[in-house]
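Student: The following block contains the structure, expressed as C-alpha cells.
The values are calculated or read from the model by the stated rules, or taken from the named source; none is laboratory data. Every value quoted in this text rests on a predicted model; they were computed, and no experiment measured them. Backbone-built Cβ (ideal geometry, glycine too); neighbour counts: all protein chains shown.
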Amino acid sequence: MHTPLPIIDIAPLYASDVKGWHEVARQIDTACRDWGFFYIRNHPISAERIAQLKGAAEQFFGLPVEQKLQIDITKSTHHRGYGAIATEQLDPAKPSDLKETFDMGFHMPPDHPEVLAGKPLRGPNRHPELEGWPALFEQHYQDMHALACTLLRAVANALGVESGFFDKRFIEPISVFRMIHYPPRQTATAPEQQGAGAHTDYGCITLLYQDQAGGLQVQNVRGEWIDAPPIEGTFVVNIGDMMARWSNDRYKSTPHRVISPLGVDRYSMPFFAEPNPDTIISCLPGCQSRDNPPKYPDTTCSAYMLSRFAETYAYRREASAAVN
C-alpha cells in the first residue's frame with residue numbers, strides 16, 4: 001500500500017546497537033517536523049492480540065444498546081465506558097460524529113487515595129460483562145503503554161532531553177485506550193456527518209490500529225487531505241497538542257479526520273499516550289531561544305485535558321457549567 005507518510009522500522013529501539021537507535025530517533029524527528037504523522041512497523045504487539053481485540057470489539061458493539069449503556073460514559077465522573085453514536089463532536093462546524101466508542105484508562109480502585117481525593121480523570125475502569133474482557137484489555141493497556149514509552153525515549157533523544165524524560169512523567173498516566181466502531185456511511189443522519197470530524201489529538205502521541213476498511217485522512221502542510229491507508233502490521237503514530245506545546249510547535253499536531261467507508265463497518269483502536277495528570281507541560285529548553293520564545297503558557301496535563309474534553313463532549317460542558 002503506497003503512502004507519502006514515512007514508514008519507520010522501530011526494531012532497532014529493541015536492540016543494543018546505539019547507532020541504530022539514534023537513526024530511528026532521527027527518522028522520527030524528521031517525520032514529526034514534516035508531517036506529525038508516521039507509521040511504525042516491527043513493534044512487539046502481535047497479530048494474534050490485534051485479532052483478539054477486533055473480535056472483542058465486534059462482540060461488544062454488536063450488543064443491544066441498552067446493554068452497552070450499562071457502562072454509559074456520560075454517567076462516569078472520570079470518562080470511562082461506552083460512548084453512544086453522536087456523543088462526540090470533534091469538528092464544531094459539522095454534525096456530531098458517526099461513531100460509537102469504548103474508553104478505558106489507567107485503572108485505580110475506588111479506595112485509591114487519588115480517587116478518594118476526587119482527582120479528575122482518576123478511577124476504576126468500567127468493563128462490559130463479557131468473558132475474558134478485563135484481563136485482555138488491562139494487559140493490552142500495559143503493553144501499549146510500554147510501546148508508547150519506548151517511542152517517547154526516541155522522541156526525547158530527538159528533542160535534546162535525557163532519554164528518561166518522558167518515562168518519569170508517564171508514571172500512573174492518564175493515557176486512554178479506545179475502541180471505535182464506525183457504522184457504514186449510509187447510516188449517517190446528514191450528508192455532511194463524518195465518522196470523525198477534523199481535529200487534532202489532545203495528548204502527546206497517539207498510536208492507532210486501523211482495520212482494512214480505510215477512511216483515515218491527514219492534512220498536509222498545504223492544507224490538502226491525503227489518505228493514510230491501513231498497512232498490515234503497522235500502527236499509525238501522530239503527534240498531539242501536548243507534544244506540540246512541549247516542543248514549541250517544532251513538532252506539528254496534525255489535523256486528521258475519518259470519512260466512514262460506504263457499505264462496511266470500520267473498527268479502529270487508538271492509544272492516546274498522556275502523562276501523569278500533575279505533569280507540567282512547559283516548553284523544553286532546546287525548543288526555545290531568544291528568537292523563538294515559548295508560544296504557550298505553562299499548564300498541567302489535567303487542566304489541559306479537561307479544557308479539551310469540554311470542547312468535544314456535550315456532557316462535559318454541562319458538568320463544567322454546573323460546577324461554575
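Student: Whether any residue in region 185-192 is surrounded by fewer than 22 Cβ atoms within 10 Å (Cβ to Cβ), modelled with pLDDT of 65 or more and either part of a loop (DSSP other than H, G, I, E, B) or touching a strand residue (DSSP E or B) at 6+ places or on another chain (Cβ under 9 Å) (or both) is what I want to check. Break it down stepwise before answering.
Tutor: Step one: of region 185-192, the residues surrounded by fewer than 22 Cβ atoms within 10 Å (Cβ to Cβ) are 185-192.
Adding the requirement that they be modelled with pLDDT of 65 or more leaves none.
No, there is no match, as no residue in region 185-192 is surrounded by fewer than 22 Cβ atoms within 10 Å (Cβ to Cβ), modelled with pLDDT of 65 or more and either part of a loop (DSSP other than H, G, I, E, B) or touching a strand residue (DSSP E or B) at 6+ places or on another chain (Cβ under 9 Å) (or both).
Student: So, one more: I want to confirm something. Restricting to region 256-282 and keeping residues that are buried (at least 20 other Cβ atoms within 10 Å of the Cβ) and not in a strand (DSSP E or B), which single residue is modelled with the lowest pLDDT?
Tutor: Among them, the one singled out is SER260.
Student: Right, another one. For region 229-243, indicate whether the set of residues that are aliphatic (A, V, I, L, M) and at pLDDT below 90 is non-empty. It would help to see each step written out before you state the result.
Tutor: Of region 229-243, the ones aliphatic (A, V, I, L, M) are 231, 236-237, 239, 242-243.
From what is left, the residues that are at pLDDT below 90 are none.
The answer is no, given that none of the residues of region 229-243 is aliphatic (A, V, I, L, M) and at pLDDT below 90.
Student: Mind checking which pairs have a first residue in region 299-317 that is surrounded by 18 or more Cβ atoms within 10 Å (Cβ to Cβ) and of a type outside the set (D, E, K, R) and a second that is in a strand (DSSP E or B) and modelled with pLDDT of 50 or more, Cβ under 7 Å, 6 or more apart or different chains?
Tutor: CYS301/ILE281; TYR304/ILE281; THR312/GLU88; TYR313/GLU88
Student: Inside region 1-13, can you point out the residues that are of a type outside the set (A, V, I, L, M), out of contact with any Pro (no Cβ under 7 Å at 6 or more places or on another chain) and within 22 Å of GLN212 (Cα to Cα)? Before the answer, list the steps.
Tutor: Let us first name the residues in region 1-13 that are of a type outside the set (A, V, I, L, M), namely 2-4, 6, 9, 12.
From the residues that got through so far, the ones that are out of contact with any Pro (no Cβ under 7 Å at 6 or more places or on another chain) too are 2, 4, 6, 9, 12.
Scanning region 1-13 gives HIS2, PRO4, PRO6, ASP9.
Student: In addition: Does HIS112 satisfy the criteria of being touching a Lys or Arg at 6+ places or on another chain (Cβ under 8 Å), free of Cβ contacts under 8 Å to residues at least 12 places away in the same chain and at negative phi?
Tutor: Details: touching a Lys or Arg at 6+ places or on another chain (Cβ under 8 Å): yes; free of Cβ contacts under 8 Å to residues at least 12 places away in the same chain: yes; at negative phi: yes.
Spelling it out, HIS112 is indeed touching a Lys or Arg at 6+ places or on another chain (Cβ under 8 Å), free of Cβ contacts under 8 Å to residues at least 12 places away in the same chain and at negative phi.
Student: Kindly provide the set of residues from region 105-117 that are out of contact with any helix residue (DSSP H, G or I) (no Cβ under 6 Å at 6 or more places or on another chain) and buried (at least 19 other Cβ atoms within 10 Å of the Cβ), ordered by number. It would help to see each step written out before you state the result.
Tutor: Taking region 105-117 and keeping what is out of contact with any helix residue (DSSP H, G or I) (no Cβ under 6 Å at 6 or more places or on another chain), we get 105-107, 109-117.
Answer for region 105-117, where residues must be out of contact with any helix residue (DSSP H, G or I) (no Cβ under 6 Å at 6 or more places or on another chain) and buried (at least 19 other Cβ atoms within 10 Å of the Cβ): GLY105, PHE106.
Student: Which of the residues spanning region 210-230 are in contact (Cβ under 8 Å) with a residue 60 or more places away in the chain and more than 16 Å from HIS256 (Cβ to Cβ)? Please lay out each step first, then the result.
Tutor: Step one: list which residues in region 210-230 are in contact (Cβ under 8 Å) with a residue 60 or more places away in the chain, which gives 211, 218, 220-221, 226-230.
ASP211 - this is the single residue of region 210-230 that is in contact (Cβ under 8 Å) with a residue 60 or more places away in the chain and more than 16 Å from HIS256 (Cβ to Cβ).
Student: Scanning region 154-186 for residues that are touching a residue at least 60 places away in the same chain (Cβ under 8 Å) and of a type in the set (Gly, Ala, Ser), which turns out farthest from GLY286 (Cα to Cα)? Walk me through it before giving the result.
Tutor: Let us first name the residues in region 154-186 that are touching a residue at least 60 places away in the same chain (Cβ under 8 Å), namely 154-155, 157-161, 166, 169-186.
Now drop any that are not of a type in the set (Gly, Ala, Ser), which leaves 154, 158, 160, 175.
Working: ALA154: 15, ALA158: 10, GLY160: 6, SER175: 25 Å.
Here the answer is SER175.
Student: Shifting gears a bit: Checking the conditions here, which among ALA146, ALA135 is within 24 Å of SER16 (Cβ to Cβ) and among the aliphatic types (A, V, I, L, M)?
Tutor: On the way: ALA135 fails: within 24 Å of SER16 (Cβ to Cβ).
Exactly one of ALA146, ALA135 is within 24 Å of SER16 (Cβ to Cβ) and among the aliphatic types (A, V, I, L, M), namely ALA146.
Student: Another one. Tell me, which helices (runs of 4 or more DSSP H) lie completely within region 14-94 with 1 or more residues that are modelled with pLDDT of 90 or more, among the small types (Gly, Ala, Ser) and more than 25 Å from GLN212 (Cβ to Cβ)? I'd like the intermediate steps shown before the answer.
Tutor: Details: elements: 18-34, 47-61, 65-68.
Passing ranges, in order: 18-34.
Student: Looking only at region 1-60, which residues are within 30 Å of PHE102 (Cβ to Cβ), free of Cβ contacts under 8 Å to residues at least 24 places away in the same chain and more than 20 Å from the chain's Cα centre (by Cα)?
Tutor: GLU48, GLY55
Student: Being farther than 27 Å from HIS107 by Cβ, among the aliphatic types (A, V, I, L, M) and at pLDDT below 90, is that true of even one residue in region 150-162?
Tutor: No - not one qualifying residue is present in region 150-162.
Student: Check ASP249 against each of (1) over 28 Å from LYS99 (Cα atoms); (2) part of a helix (DSSP H, G or I) and name the one condition it does not meet.
Tutor: Condition not satisfied by ASP249: (2).
Student: May I pose another question? Within region 100-122, identify whether any single residue is assigned to a loop (DSSP other than H, G, I, E, B), in contact with a Ser or Thr (Cβ under 7 Å, 6 or more places away or on another chain) and modelled with pLDDT of 95 or more, and answer yes or no.
Tutor: To start, the set of residues in region 100-122 that are assigned to a loop (DSSP other than H, G, I, E, B) comprises 105-106, 108-112, 117-122.
Those left that are additionally in contact with a Ser or Thr (Cβ under 7 Å, 6 or more places away or on another chain): 105-106, 120-121.
So of that shortlist, the ones also modelled with pLDDT of 95 or more come out as 105-106.
Checked region 100-122: at least one residue is assigned to a loop (DSSP other than H, G, I, E, B), in contact with a Ser or Thr (Cβ under 7 Å, 6 or more places away or on another chain) and modelled with pLDDT of 95 or more.
Student: Surrounded by 20 or more Cβ atoms within 10 Å (Cβ to Cβ) and either under 18 Å from the mean Cα position of the chain (by Cα) or part of a loop (DSSP other than H, G, I, E, B) (or both), is that true of ARG222?
Tutor: Working: surrounded by 20 or more Cβ atoms within 10 Å (Cβ to Cβ): no; either under 18 Å from the mean Cα position of the chain (by Cα) or part of a loop (DSSP other than H, G, I, E, B) (or both): yes.
Against the criterion (surrounded by 20 or more Cβ atoms within 10 Å (Cβ to Cβ) and either under 18 Å from the mean Cα position of the chain (by Cα) or part of a loop (DSSP other than H, G, I, E, B) (or both)), ARG222 does not qualify.
Student: Kindly establish whether LEU159 is over 25 Å from VAL236 (Cα atoms) and among the aliphatic types (A, V, I, L, M). Before the answer, list the steps.
Tutor: Numbers: over 25 Å from VAL236 (Cα atoms): no; among the aliphatic types (A, V, I, L, M): yes.
No.
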